[in-house]
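Rule-based calculations on the coordinates, nothing more; no lab input. Remember, predicted model here, so these are calculated numbers, not experimental data. Here the Cβ is made from the backbone with ideal geometry for all residues, glycine too, and neighbour counts use every protein chain on show.
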Amino acid sequence: MVKLNPLARQPNNLDFASPTQFRFNLLKTPNVEYFVTSVNLPGISFSGEANMNTRFKSIALMGDTLEFEDLELTFLVNEDLSNYREVHDWITGIGFPKDTEQFKTASSENSELRPNTSSLTNPNTMASDASLTLLTNKNNPTLRVNFKNCYPNSLSGLTYNTQVTDTEQLTATASFKYDFYEFETL
């Protein structure tokens with residue numbers, strides 16, 4: 001029987017995380033990061049689970065492939081739509097719906113952010129690293145979540161409505177895919 005010392009198991013930090021204490025940075029969208037109102041810390045799960053059948057019971061074996069949920073970002077849209085257009089132009093540059101020049105333009109703009117990559121041969125030139133910095137109750141950075149090779153896969157539309165009686169700001173939601181995320185203690 002294992003003996004545990006209850007005093008050694010007490011937590012050192014009794015402060016709870018606040019949902020309003022964060023900063024978000026995304027290299028390719030400097031106008032968006034200032035207006036971020038919400039961002040999620042995506043979930044993580046296994047896939048590829050297997051079952052080992054025995055005479056008595058089926059035994060579940062853990063999976064071997066990690067799956068990360070999408071990074072969701074909500075931001076206030078400024079009057080000239082410049083922050084909305086940053087994400088829009090990024091998606092358009094990846095998809096180049098009119099001609100291949102859009103891809104070349106977007107790739108060369110991103111090669112300034114990643115100077116050691118060839119823009120047309122490396123698909124990661126269309127991606128950007130991001131970080132979510134979690135703050136303490138006194139606004140001191142305590143933990144950083146680093147996202148590697150983010151790229152947008154959706155951007156919500158904007159709804160203009162003359163029937164609104166209260167002053168409301170337009171918000172947009174962008175969804176991002178990424179390779180993985182890791183924690184960095186500050």
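What distance in nm separates the simple spin-label points at LEU81 and ASP166, each placed 7 Å from Cα in the Cβ direction?
2.6
So which residue, out of THR171, THR159, THR142, gets the largest mean-square fluctuation from a GNM of the chain using Cα contacts under 10 Å as springs?
Taking springs between Cα atoms under 10 Å, the residue moving most is THR159.
With axes computed from alpha carbons, what is the tilt in degrees of helix 82-95 against the longest principal axis of the chain, rounded to the nearest 10 within 0 to 90?
80
What residue among PRO152, PRO11, PRO141 has the largest mean-square fluctuation in a Gaussian network model of the chain, using Cα springs under 10 Å?
Taking springs between Cα atoms under 10 Å, the residue moving most is PRO11.
Can you tally the net charge around VAL77? Count Lys and Arg as +1, Asp and Glu as -1, for every other residue whose Cβ sits under 13 Å from the Cβ of VAL77.
-3
Kindly express, to the nearest 10 degrees and within the range 0 to 90, the angle between helix 100-111's C-alpha long axis and the longest C-alpha principal axis of the chain.
Roughly 60 degrees, rounded to the nearest 10.
What do you get for chymotrypsin sites (Phe, Trp or Tyr not before Pro) in the range 156-185 restricted to DSSP loop and a cutoff of at most 16 other Cβ within 10 Å of the site's Cβ? Display every interim value, and only then the final one.
Working: sites: TYR160, PHE176, TYR178, PHE180, TYR181, PHE183; in loops: TYR160, TYR178.
Listed in order of number, the matching sites are TYR160.
What is the calculated FRET efficiency for ASN153 to ASN51, with r their C-beta to C-beta distance and R₀ = 35 Å, to the nearest 0.05?
Working: r = 32 Å, r/R0 = 0.92.
Once rounded, the FRET efficiency stands at 0.60.
Can you give the longest stretch of the chain with no exposed loop site, where a site means trypsin sites (Lys or Arg not before Pro) in a DSSP loop (not H, G, I, E or B) with at most 10 other C-beta atoms within 10 Å?
Values: sites that count: LYS3, ARG55, LYS57, LYS98, LYS138.
Free of exposed loop sites, the longest segment is 4-54.
I'd like the projected area of the chain, averaged over all directions, using the convex hull of its alpha carbons. Report it in nm² with one decimal.
Working: hull surface 78.5 nm².
If I average the Cα hull's projected area over directions, I get 19.6 nm².
Any chance you could run the full-extension gain for ILE59 through ILE44? It's 0.36 nm times the residue separation minus the Cα-Cα distance, nm to one decimal.
Numbers: separation 15, 0.36 × 15 = 5.40 nm, distance 2.25 nm.
Roughly 3.1 nm would be gained on extension.
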